[in-house]
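The values are calculated or read from the model by the stated rules, or taken from the named source; none is laboratory data. Just so you know, these numbers come straight off a predicted model, no measurement behind them. Cβ placement follows ideal geometry from the backbone for every residue including glycine, while neighbour counts extend to all protein chains displayed.
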Amino acid sequence: MADRLMRALAYDGQVRVSAVICTDAVETARKRHDAFPTAIAALGRTMASTLLLSWGLKGEGSITLRIFGDGPLGGIIVTGDAHGNIKGYVQEPQTDLPLNARGKLDVGGAIGKGDLYITKDIGLKEPYTGSVPLVTGEIGDDVASYLMSSEQTPSVVSVGVLVNPDYSVAAAGGIIIQAMPGADDAVLDDLELKLQGARAVSGLINEGADVRGIIQNYLPGVEVQFLEEKEIQWHCNCSYDRISGLLKSIGVDELEDMIEKDGETEVVCHFCSSHYHFDRQQLEALLEDMKQDLQK
Ligand SMILES: [Zn+2]
């Protein structure tokens, strides 16, 4: 089943819900980065969260989640855009810890203590960035804490990744349920009751649930108004031109130095691990471009 994102309203518009299935995108990330189970669980949960929070992005808008903890994973950076594209990486993808006390992949232990940063670029002059200290490092809780402190929106965020014994990704996705301002107490009480019986999203996806099914499983018997369903996909927008631009930004002296010493260079895109090789001729052409730009 293709990766999908669904947005919906429930309880007569008093509650906003999004569900996402991103199994293929997370499996692509795993292969790209050769990530081990704990690392791909952390990256996959961050990818699912980013997709869930991409509500309201338009045109060239984007959202970036960054998690910096003191655990063995290092940082995690994920960016999503309005077109359902998602990309991301973790600093130490070969991190793998023993299962935690509950028999789950120890994402919180791998991330450690630190902060979550969310940057939303909705086309204004300056993108908005907010941050919160990590609560558990399990990512869902941390994103919910961010939404409470930064947007004053009580939210339940459940994100999960199920990994097969051969390390491939069996299921990845999540759900976010948010009370809109002024929601009735009765609605919140009913919601709380329903969520007590909720199951892990990754398990539902593994059993073949689609995005509607995930929402209906979390809100049994509740009338849901489905608004928008769209495909999402792993996509990195790096290219030879973009990387050339990056190389140019290091400065004339450094580039001359590089040509003299090595005669070639290889640049790796962090987000997708694509390799870009520049030989002497290509580097000299870049240098020529830079010198011409400087004369303008
Ligand atoms: Zn890339």
Leu204 at pLDDT 95 or above and farther than 21 Å from Ile21 by Cβ: no
Determine, yes or no, whether Ser244 is on the phi > 0 side of the Ramachandran plot and surrounded by 15 or more Cβ atoms within 10 Å (Cβ to Cβ). no
Being without any contact (Cβ under 8 Å) to a residue 40 or more places away in the chain and assigned to a loop (DSSP other than H, G, I, E, B) is the filter; apply it to segment 210-228 and report the residue that is surrounded by the most Cβ atoms within 10 Å (Cβ to Cβ). Pro220
Top-ranked residue in segment 229-272 [being part of a strand (DSSP E or B) and within 29 Å of the chain's Cα centre (by Cα); ranked as farthest from the ligand (Cβ to nearest atom)]: Glu229
Residues of segment 152-193 that turn out to be of a type in the set (Val, Ile, Thr) and in a helix (DSSP H, G or I), as a count: 1
Index of the failed condition, Ala209 passing every other in (1) under 30 Å from Gly173 (Cβ atoms); (2) touching a Ser or Thr at 6+ places or on another chain (Cβ under 9 Å): (2)
Hits in segment 44-81 (condition: of a type in the set (Gly, Ala, Ser), in contact with a strand residue (DSSP E or B) (Cβ under 7 Å, 6 or more places away or on another chain) and surrounded by fewer than 18 Cβ atoms within 10 Å (Cβ to Cβ)): Gly75
Which is over 21 Å from Ala144 (Cα atoms) and touching a residue at least 40 places away in the same chain (Cβ under 8 Å), of Asp106, Asp96? Asp96
Looking only at residues in segment 82-118 that are within 16 Å of the ligand (Cβ to nearest atom) and surrounded by 19 or more Cβ atoms within 10 Å (Cβ to Cβ), which one is nearest to Glu231 (Cα to Cα)? Ile86
May I ask you to verify whether Pro72 is in the same structural domain as Ser168 (by TED's automatic domain parsing), over 15 Å from Ala25 (Cβ atoms), of a type outside the set (Val, Ile, Thr) and within 16 Å of the ligand (Cβ to nearest atom)? no
Residue identified as touching a residue at least 40 places away in the same chain (Cβ under 8 Å) and under 20 Å from Val268 (Cα atoms) among Arg32, Arg45: Arg32
Take the residues in segment 273-294 that are over 24 Å from Tyr89 (Cβ atoms) and among the hydrophobic types (A, V, I, L, M, F, W, C); name whichever of them is farthest from the chain's Cα centre (by Cα). Leu294
Which condition breaks for Gly197 when tested against (1) over 25 Å from Thr46 (Cα atoms); (2) small (Gly, Ala, Ser); (3) free of Cβ contacts under 8 Å to residues at least 24 places away in the same chain? (1)
